[in-house]
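Undergrad: Mind looking over this structure? Questions follow.
The values are calculated or read from the model by the stated rules, or taken from the named source; none is laboratory data. Here the structure is a predicted model, which means the values were calculated and not measured. All Cβ positions, even for glycine, are placed from backbone atoms using ideal geometry, and neighbour counts span all protein chains on display. Heads up: the accessible areas ignore ligands, DNA and RNA and are worked out on the full protein's heavy atoms, side chains in. Shrake-Rupley method; radii C 1.70, N 1.55, O 1.52, S 1.80 Å.
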Amino acid sequence: MKTNKAPILVLVLLFCLSCAACGEKEVEIPPTETTYIAEEKESGSVTEGGGTYTLYKTYAELTDYIGTEKEVSLPARVGGLPVLKIGKEAFAYNETLEKITLSEGLIVIGQSAFDKCKNLKTVVFPDSLEVVGDFSFRASGITSAVFADGLYSIGKYAFQDTPLASVTVPDSCSFYGKYAFSGTKLTEAVIPLRVTSLGDRLYTNCDSMTKAIVPRTVTDINDYAFSACDALETVVIPPETVNIRDGLLSSSPKATVITTAGSAAEKFAKRNSYPMQIVTEEELAAYYTASSDNAA
């Protein structure tokens, strides 16, 4: 198979959010629903616009692209079927492609689909997209990414070692894979509210990053999540984050942990001799308010 089977999931998460004005309260975040794509036998193939599409009973999957166009717009349908997937390595190592417009209705970008497409700078993502696969844009030339509400996951190494400087990720996104944004040009960590765990080295080697505000919904930060970020100055970690693994700010010489007294982050910073600033709950809340205002 060219891509992993899209997940069948209806996810409901209840998070405890602290509010300086009204005290602690439970906030229910509406569920994220994902689309089921059936496992079906191949029924044929179609070649169109430099792409080869494998046909199934109810949908089509782009499995290979050998065209030489600099700009490509994928069709929404081929052979009378909706195009729901881009398959594994479909565009990988393409050195000609500079811009691609993905068709509305596309649900899954498969593993390594645009891996090492070094001249690919512009990608127009459809509102229908739910899954960005592992290694999908690794070492490509992509500079920005805007995802619509309904995106479910961004896989491991998805944007590693790209010049990605701007990304918009909706709160429908529930999962970030390890190394997903490592080595990018992002100036601030972008973490949706449904992401409860930050993967290994998620933002490592992000030399342009100056600020990381960890949402109150994140309970776990894994190994070296913000390591080797030379310009990183501010890392806000709430008391709701209870598990912090090794190397959080290793080789990030300017970084200061901002947290509340008695939190796991305070203990971790002391244990590892990281610069730290203890703030009140009201002062901590102000960071989240400011971050929300900037996002708007």
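Undergrad: Could you work out the local net charge near P192, counting Lys and Arg as +1, Asp and Glu as -1, over the other residues with Cβ closer than 11 Å to its Cβ?
TA: Working: positive: R194; negative: D149, D171.
After counting each charged neighbour, the total is -1.
Undergrad: Still on this structure, please answer the following. When the Cα centres of region 65-84 and region 243-262 are compared, how far apart do they sit, in Å?
TA: 45
Undergrad: Find the centroid of the Cα atoms in region 138-203 and in region 108-122, then give the distance between the two in whole Å.
TA: 14
Undergrad: Still on this structure, please answer the following. At 7 Å along the Cα-to-beta-carbon direction for both T101 and D220, put a label point, then send me their distance in nm to one decimal.
TA: 4.2
Undergrad: Please give every one of the aspartates and glutamates within straight-line cross-link reach of K41, meaning a C-alpha to C-alpha distance under 20 Å, and leave out same-chain neighbours fewer than 8 residues apart.
TA: The qualifying aspartates and glutamates are E61, D64.
Undergrad: Region 75-175: percent of C-alpha pairs farther apart than 22 Å? The partial results should precede the final answer.
TA: Values: 1013 of 5050 pairs.
Here the tail beyond 22 Å accounts for 20 percent of pairs.
Undergrad: Given an 8 Å cut-off on Cα distances and at least 6 residues of separation, report the relative contact order of region 185-296 as a percent. Kindly include the intermediate steps, with their values, before the conclusion.
TA: Working: 270 pairs, mean separation 22.7, N = 112.
Relative contact order of region 185-296: 20 percent.
Undergrad: What whole-number value in Å² describes the accessible area per residue of the chain for a 1.4 Å probe? Don't jump to the answer; show the numbers that get you there.
TA: Details: 13160 Å² over 296 residues.
Ligands and nucleic acids excluded, the result is 44 Å² per residue.
Undergrad: On to the next question. May I ask you to list the aspartates and glutamates whose Cα is less than 12 Å away from that of K57, ignoring any residue fewer than eight positions away on the same chain?
TA: Filter leaves E39, E40, E42.
Undergrad: Can I ask one more? Between R271 and V242, with labels modelled 7 Å along Cα→Cβ, what's the label distance in nm to one decimal, could you check?
TA: So the two model labels end up 1.5 nm from each other.
Undergrad: Can you list the aspartates and glutamates whose alpha carbon is less than 13 Å from that of K99, not counting same-chain residues fewer than 8 positions off?
TA: Hits, sequence-local ones excluded: E69, E71.
Undergrad: Count charges around R77 for me, please; just the other residues with Cβ under 14 Å from its Cβ, Lys/Arg as +1, Asp/Glu as -1. Walk me through the numbers before you get to the answer.
TA: On the way: positive: K85; negative: E48, E61, E104.
Net charge in that neighbourhood comes out at -2.
Undergrad: For the chain, what does -39500 (n - 2.57) per DSSP helix run (n ≥ 4), summed and divided by total residues, give at 222 nm, in deg cm²/dmol to the nearest 500? Before the final figure, lay out the partial values.
TA: Working: 2 runs with 24 residues, N = 296.
Helices in the chain give a 222 nm mean residue ellipticity of -2500 deg cm²/dmol.
Undergrad: So how much slack lies between V46 and T256, counting 0.36 nm per residue of separation and subtracting their Cα-Cα distance, in nm?
TA: 70.1 nm
Undergrad: A further question follows. Hey, what's the Kirkwood Rh for the chain if you take every pair of different alpha carbons, in angstrom? Walk me through the numbers on the way to the answer.
TA: Working: mean 1/r = 0.0499 Å⁻¹.
It is 20.0 Å.
Undergrad: Could you check the simple spin-label distance between A38 and R77, using points 7 Å along Cα→Cβ, in nm with one decimal?
TA: Here the modelled spin labels are 1.8 nm apart.
Undergrad: Which of rounded, prolate, oblate describes region 161-296, given a ≥ b ≥ c as roots of the alpha-carbon gyration tensor eigenvalues and a/c under 1.5 marking rounded, otherwise prolate only if a/b is larger than b/c?
TA: It is rounded, given that a/c, with a ≥ b ≥ c, falls under 1.5.
Undergrad: Projected onto the charge dipole of region 105-192 (+1 at Lys/Arg Cβ, -1 at Asp/Glu Cβ, origin at the Cα centre), which of F147, G110, F175 gives the Cα projection farthest towards the positive end?
TA: It is G110, whose Cα lies furthest towards the positive end.
Undergrad: Shifting gears a bit: Give the relative contact order (percent, whole number) for the chain; include only Cα pairs under 8 Å separated by 6+ residues. Walk me through the numbers on the way to the answer.
TA: On the way: 874 pairs, mean separation 26.6, N = 296.
Here the relative contact order equals 9 percent.
Undergrad: On a 1.4 Å probe surface of the protein chains, which of R245, R194 comes out largest in accessible area, and what is the full order? Numbers along the way, then the final one.
TA: Values: R245 120, R194 20 Å².
The most accessible residue leads, giving R245, R194.
Undergrad: Report, in degrees rounded to the nearest 10, the 0 to 90 angle that the Cα long axis of helix 281-295 makes with the longest principal axis of the chain.
TA: 30
Undergrad: Computed FRET efficiency, Cβ-Cβ of T289 and D149, R0 22 Å: what is it to the nearest 0.05? Show your work: numbers first, answer last.
TA: On the way: r = 22 Å, r/R0 = 1.00.
With a Förster radius of 22 Å, E is 0.50.
Undergrad: Which of the residue pairs K211/K267; K178/K211; K185/K270; K85/K211; K121/K254; K70/K178 have a Cα-Cα distance greater than 27 Å in the structure shown?
TA: Values: K211/K267 21 Å; K178/K211 19 Å; K185/K270 29 Å; K85/K211 35 Å; K121/K254 31 Å; K70/K178 31 Å.
Check vs 27 Å cut-off fails for K185/K270; K85/K211; K121/K254; K70/K178.
Undergrad: Something else now. Given R₀ = 41 Å, what would the calculated FRET efficiency be for N119 paired with E233, taking r from the Cβ atoms and rounding to 0.05?
TA: Numbers: r = 33 Å, r/R0 = 0.81.
Once the sixth-power term is evaluated, E becomes 0.80.
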